[in-house]
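First comes the structure, then the notes that go with it.
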Amino acid sequence: MNRQVVFIVIVIAAVFVLATAFAQQHRPYNQIMKDVGATFASLKKNLDANSATAAAQDAAKLEGLFAETEAFWAPFDTKDAISFAKRARDAAAAVGAAAKGNDIKAAQESYSVIQKNCANCHFSHREETGKGFLIKP
Amino acid sequence: MRQLIISTLILLLAAIQLQAQAAADSPEQKLAEEWLKQLNALDDWYLSVDGKEEGVEQLVNSMMDLYAPDVLAEVPPHDKDQIGPVMIRGKENVRKWVERIAKTQVRLNYILKRQTEGPTGEYEGWRLIYSTKLPWGGTGIAFQIIGVWSLREDRRRFMAPGAVFIQYGPDGKIHRLRLLLAEIDEVKPL
């Protein structure tokens, strides 16, 4: 009986450890950025069309994507990139809140904050090669 | 007569050009430029899409190929608690210093200071390399530099005038290095 209990505990612990390790794995950065690009374009389209509900959905998705971006940079000593991602995430949350309140003007202003942080981060950490982009540390 | 003057001028210009070429192609000039090239290349590495540092090891190895195993290096302080220059003994310890630059600094731009004969010609003209044959064999070179770099962690940019003294052994490797950086100033936008 005791052996069975110990065995079950070990199996549960192993599953927990594996699940945690899997959860900590990052998606490739280029995939995150492609998703950001598409969602950001969709957000602009929806804000311009005064589609508050769809814009709020895009903003929520962006919030998650910028959290992923932040997690990518977290292990490195690159505080500026972490800050850009964090500020973009906060701005996405602000877009979402404004859109839910049907305040498109405020949402547009926060949208500009996202855009500014994206541009600043790309200026410092994205290098164009002609065939694609490289991530500068 | 006009043809003679033009021909003389062309010859004169060609002679000046040849002299300039000879100085620029001197072995000492190449040694200095190679050292600066390797130093400036230390930030030419990237992060992979899955978050791995790629290429930094090769750049450090390439820089370390210049040094002899018993190298003695005097370098600027690189620790917040350190006041004054740091004396580093041995290739492995110099490697740690080089790795530290590669991993903590970006947008490295160390340049050879130029000079003309005139009193104000400090930013154009010749890249002067002073050299001497060492009594125990090998060559010593010295040159003025301007060092510019940014901190990787927050992109703050710094600039400092400085000088480099390098002693090469008969084996062509660096046995002594002295890098002096004075008046390190943060570069801030106006």
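The values are calculated or read from the model by the stated rules, or taken from the named source; none is laboratory data. These numbers were taken from a predicted model, which means no experiment stands behind them. Please note: Cβ atoms are built from the backbone with ideal geometry, for glycine as well, and neighbour counts cover all protein chains shown.
Quick notes on this one:
- Residues located in region B:56-77, provided they are within 14 Å of chain A (Cβ to nearest Cβ) and surrounded by fewer than 14 Cβ atoms within 10 Å (Cβ to Cβ): B:E57
- B:D43 being in contact (Cβ under 8 Å) with a residue 40 or more places away in the chain, within 14 Å of chain A (Cβ to nearest Cβ) and touching a helix residue (DSSP H, G or I) at 6+ places or on another chain (Cβ under 8 Å): yes
- Qualifying positions in region A:71-95 - hydrophobic (A, V, I, L, M, F, W, C), touching an Asp or Glu at 6+ places or on another chain (Cβ under 7 Å) and either free of Cβ contacts under 8 Å to residues at least 12 places away in the same chain or within 10 Å of chain B (Cβ to nearest Cβ) (or both): A:I82
- Region B:102-114 - residue that is under 12 Å from B:Q38 (Cα atoms) and buried (at least 17 other Cβ atoms within 10 Å of the Cβ) and, of those, nearest to the other protein chains (Cβ to nearest Cβ): B:A102
- Sole residue being surrounded by fewer than 19 Cβ atoms within 10 Å (Cβ to Cβ), over 30 Å from B:A102 (Cβ atoms), over 16 Å from the mean Cα position of the chain (by Cα) and free of Cβ contacts under 8 Å to residues at least 60 places away in the same chain, chosen from A:G101, A:G64: A:G101
- From the list B:L177, B:L190, the one residue that fits, being touching a strand residue (DSSP E or B) at 6+ places or on another chain (Cβ under 6 Å) and more than 14 Å from chain A (Cβ to nearest Cβ), is B:L177.
- When A:H26 is tested against (1) surrounded by 16 or more Cβ atoms within 10 Å (Cβ to Cβ); (2) of a type outside the set (A, V, I, L, M, F, W, C); (3) assigned to a loop (DSSP other than H, G, I, E, B); (4) more than 11 Å from chain B (Cβ to nearest Cβ), exactly one condition is not met: (4).
- Unmet requirement for B:V71, which otherwise passes all of (1) more than 15 Å from the chain's Cα centre (by Cα); (2) at pLDDT below 95: (2)
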